[in-house]
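To keep things clear, I will list the structure first and then write my remarks on it.
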Amino acid sequence: MTLSWLWSRALLTDRRILWLLFVSNLIGTVYGYIWYGGQLANVWETQPAWQIVFVPDSPTGSLFFTLAVLGLLFPPSSRWMKGILNLIEALAVVTSVKYGIWAISIIVWDAGLGYPIEPLSWMLIASHGIMALEALLYVRFFSLGVLWLIPAAVWTFANDTIDYTFGIFPYLSPEHLARIDQVRNFTFALTAASVLAGWAAIRGAGRSWRAGEIQVRRSR
């Protein structure tokens, strides 16, 4: 067994691994929505109801990835459902990378501003790091094309706009609230970078599979 086997298709698409991935991400998603419970209740009571959808960022990204894994377990047969799955896959890639890196960056940024990194913060760093990594690792098994990144980008930029226009962004430390323009600019830039990362991952996966197909044909 070589080290490359750890990220091989044979291992990562094994149904036991996919079920483990599905269940662990589902649990993390539920925990994430519970984490946002106080802010969700506050927005529900004080803001227009439609804004509630844009409050929980990371768990929504995790939800998209959970559904994308479900699509690997049970591939849709109809063209319409395949299109829905492709959109979910694109949203999973962009939002998982974006919110995974965003959470880690804010925690580290807080540490630079004098806040200690508590044990819970280390847990968040690890879970959000996995969130970003798994999306980029599994994009090669998804069926989406690069054009599906367009609606995913629109959704994520819209989420950013609503967050920082109506003040429903995730709770921040006082030091970050004093630098809210910097946080907002970083957030928008990270969305653009995440879309580009998704594009590079999809294109790279396409080249990888084409190279594999060529090698198979040559071996016949």
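The values are calculated or read from the model by the stated rules, or taken from the named source; none is laboratory data. Please read these numbers as outputs of a predicted model, since none were measured by experiment. Cβ placement follows ideal geometry from the backbone for every residue including glycine, while neighbour counts extend to all protein chains displayed. Only protein heavy atoms, including side chains, enter the accessible area calculation; ligands, DNA and RNA are left aside. Shrake-Rupley method; radii C 1.70, N 1.55, O 1.52, S 1.80 Å.
Quick rundown of the values:
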quantity: Failed item, numbered, when G71 is tested on (1) modelled with pLDDT of 95 or more; (2) open to solvent by 30 Å² or more (accessible area, probe 1.4 Å); (3) farther than 18 Å from G100 by Cβ; calculated: (2)
quantity: Residue selected from the stretch 74-123 under the condition part of a helix (DSSP H, G or I), among the polar types (S, T, N, Q) and free of Cβ contacts under 8 Å to residues at least 40 places away in the same chain, by the criterion surrounded by the most Cβ atoms within 10 Å (Cβ to Cβ); calculated: S96
quantity: Condition met for L21 (in a helix (DSSP H, G or I), open to solvent by 60 Å² or more (accessible area, probe 1.4 Å) and either closer than 20 Å to T95 by Cα or of a type in the set (G, A, S) (or both)); calculated: no
quantity: Among (1) without any contact (Cβ under 8 Å) to a residue 24 or more places away in the chain; (2) under 13 Å from I202 (Cβ atoms), the one test that L149 misses; calculated: (1)
quantity: Yes/no for T161 being in contact with a helix residue (DSSP H, G or I) (Cβ under 6 Å, 6 or more places away or on another chain), in a helix (DSSP H, G or I) and polar (S, T, N, Q); calculated: no
quantity: Meets criteria (open to solvent by 30 Å² or more (accessible area, probe 1.4 Å) and either part of a helix (DSSP H, G or I) or more than 30 Å from A10 (Cβ to Cβ) (or both)) for L136; calculated: yes
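The rows are residues; the columns are (1) closer than 25 Å to T156 by Cα; (2) hydrophobic (A, V, I, L, M, F, W, C); (3) open to solvent by less than 60 Å² (accessible area, probe 1.4 Å); (4) touching a residue at least 12 places away in the same chain (Cβ under 8 Å).
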residue	(1), (2), (3), (4)
G28	yes, no, yes, yes
Y33	yes, no, no, yes
Y36	yes, no, yes, yes
W50	yes, yes, no, no
T60	yes, no, yes, yes
F64	yes, yes, yes, yes
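Listed here are the residues, each with its yes/no results for (1) at pLDDT 95 or above; (2) assigned to a helix (DSSP H, G or I); (3) surrounded by 13 or more Cβ atoms within 10 Å (Cβ to Cβ).
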position: E175; (1), (2), (3): no, yes, yes
position: N185; (1), (2), (3): yes, yes, no
position: L190; (1), (2), (3): yes, yes, yes
position: R207; (1), (2), (3): no, yes, no
